[in-house]
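The values are calculated or read from the model by the stated rules, or taken from the named source; none is laboratory data. None of the values given here were measured: they were computed from a predicted structure. Glycine gets a Cβ as well: all are built from the backbone with ideal geometry, and neighbour counts include every protein chain shown.
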Amino acid sequence: MRMTKHQLATTSGIKVETLELWIAQEWLVPGTTSAGMRFTDVDVARARLIQDLKDDLGANDEGIAVILHLMDQLHGLRRALARMKDDMQRPSD
């Protein structure tokens, strides 16, 4: 589901100003269309994670940036391994 900035803020329970700050910090990177920024369910999950890191775990901004960077690297490696596995299972010509 694609949503606007206001819809994401409402869905994830954060203020629009907070969302704009997280976009500026590149913690959330929306897709863009001719209608403007658009967010997905993955962005909602990430926004909720950021909020949990701040509220429940007491992570500061620097810590959140590190955590998100490490998570992005982990997901990238998982995708790369899945592609490599698919390539290895594909019969050769």
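Tabulated data for the structure shown
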read-out	value
Residue in the stretch 30-42 that is in a helix (DSSP H, G or I), of a type outside the set (Gly, Ala, Ser) and out of contact with any Phe, Trp or Tyr (no Cβ under 6 Å at 6 or more places or on another chain) present	yes
Pairs where the first residue, in the stretch 15-36, is among the basic types (Lys, Arg) and the second is at pLDDT 95 or above, C-beta under 8 Å, 6+ apart	none
Qualifying position, being surrounded by 10 or more Cβ atoms within 10 Å (Cβ to Cβ) and polar (S, T, N, Q), among Gln89, Gln51	Gln51
Count - residues of the stretch 56-93 that are touching a residue at least 12 places away in the same chain (Cβ under 8 Å) and over 15 Å from Leu28 (Cα atoms)	0
Matching residues in the stretch 56-69 - criterion: being surrounded by 10 or more Cβ atoms within 10 Å (Cβ to Cβ) and part of a helix (DSSP H, G or I)	Asp61, Gly63, Ile64, Ala65, Val66, Ile67, Leu68, His69
The stretch 18-51, residues that are β-branched (Val, Ile, Thr) and under 17 Å from His69 (Cβ atoms)	Ile23, Val29, Val42, Ile50
